[in-house]
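*Asks:* Here it is, the structure in full.
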Amino acid sequence: METMGKAKKRILHKSNSSLFMTRETAVSKVFNMLSNNSRMEADNLITLFGLTAEELSEAGVPYEDLISLGQTIA
């Protein structure tokens, strides 16, 4: 990376850090996705992180949404 210019380093660093997602941010994104009717994206994040119904209910996901997720949540 020493031969790389400052702009390229900044772009590379920005793109790597933007791909990083914690479990807490995943739960909040799932909550927002379910509120916006983005069910497929929410299902993908739930299965990727292995989120449980308890975690989602603590984040504020309504009971009806949890029931509708069915087999997706652990």
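The values are calculated or read from the model by the stated rules, or taken from the named source; none is laboratory data. As the structure is a prediction and not an experimental result, all values here were calculated from the model. Here the Cβ is made from the backbone with ideal geometry for all residues, glycine too, and neighbour counts use every protein chain on show. Only protein heavy atoms, including side chains, enter the accessible area calculation; ligands, DNA and RNA are left aside. Shrake-Rupley method; radii C 1.70, N 1.55, O 1.52, S 1.80 Å.
*Asks:* Could you grab me the full set of residues in region 25-39 that are among the polar types (S, T, N, Q) and open to solvent by 70 Å² or more (accessible area, probe 1.4 Å)?
*Replies:* Asn32, Ser35, Asn36, Asn37
*Asks:* Could you grab me the full set of residues in region 40-56 that are surrounded by 19 or more Cβ atoms within 10 Å (Cβ to Cβ) and either within 8 Å of Ile73 (Cα to Cα) or among the charged types (D, E, K, R) (or both)?
*Replies:* Scanning region 40-56 gives Ile46, Leu51, Glu55.
*Asks:* Still on this structure, I have one more. Under the condition of being more than 9 Å from the chain's Cα centre (by Cα), among the aliphatic types (A, V, I, L, M) and open to solvent by less than 100 Å² (accessible area, probe 1.4 Å), which residue from region 6-24 is modelled with the lowest pLDDT? Talk me through it step by step, then tell me what you get.
*Replies:* As a first pass, look at region 6-24 and keep what is more than 9 Å from the chain's Cα centre (by Cα): 6-20.
Narrowing further to those that are among the aliphatic types (A, V, I, L, M): 7, 11-12, 19.
Cutting the leftovers down to open to solvent by less than 100 Å² (accessible area, probe 1.4 Å) gives us 7, 12.
Details: Ala7: 68, Leu12: 59.
Filtering first and then ranking leaves Leu12.
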